[in-house]
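Single-structure report; data block below.
Only the coordinates and a few stated rules stand behind these numbers; no lab work does. Bear in mind that the values here come from a model prediction, so they are computed numbers and not experimental data. Here the Cβ positions follow ideal geometry from the backbone for every residue, glycine too, while neighbour counts run over all protein chains shown.
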Amino acid sequence: QVQLVESGGGLVQPGGSLRLSCAASGNIFSIYAMGWYRQAPGKQRELVASITSGHATNYADSVKGRFTISRNNAKNTVYLRMNSLKPEDTAVYYCNADIREVSRDFSDRYWGQGTQVTVSS
């Protein structure tokens, strides 16, 4: 069984910073792409940023220059550093990873439980 556990959300003022973490655990053989999505009330879930196992990154236009995604392959962990936060960044942030379990010869997508980020004065 594979689990993704997020941490680091909270309430922050506009212009502030937060760092989200997401750790994968379980019978993991390999982790491929990892990423962060977010879903604001009344809106569809959207990709925020993604990173490959080789550390190539991709960002939504709305967060380019403000957010940085990184990963530690030895710790099976992905991070999202969020700077210059805006009220429109308020959402539930979900971790996502493409993981192959030890007992399988294919990978599956896994999701974390979500962590709330609220940007407000």
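Tabulated results
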quantity	calculated
Listed residues Val92, Val102, Val12, most fluctuating in the chain (Gaussian network, C-alpha, under 10 Å)	Val102
Set of aspartates and glutamates with alpha-carbon distance to Lys43 below 14 Å, sequence-local pairs under 8 removed	Glu88, Asp89
Max mean-square fluctuation residue, GNM over the chain, Cα-Cα springs under 10 Å, options Asn83, Asn72, Asn96	Asn72
Mean separation of Cα contacts under 8 Å (6+ apart) over length of the chain, as relative contact order %	36
Cα convex hull volume per residue for the chain (Å³)	94
Cα-based Rg of segment 1-67 normalised by 2.2 N^0.38 Å, two decimals	1.27
Alpha-carbon centroid distance for the pair segment 46-121 / segment 1-20, whole angstrom	10
Set of aspartates and glutamates near Lys86 by C-alpha distance (under 20 Å), chain-local residues within fewer than 8 positions excluded	Glu46, Asp61
Environment charge of Cys22, counting only residues whose C-beta is closer than 14 Å and scoring Lys/Arg +1, Asp/Glu -1	+4
Protection proxy ranking, peptides 103-110, 22-29, average beta carbon neighbours within 10 Å, highest first	22-29, 103-110
Whichever aspartates and glutamates have a C-alpha closer than 20 Å to that of Lys75, once near sequence neighbours (fewer than 8 apart) are set aside	Glu6, Asp98, Glu101, Asp108
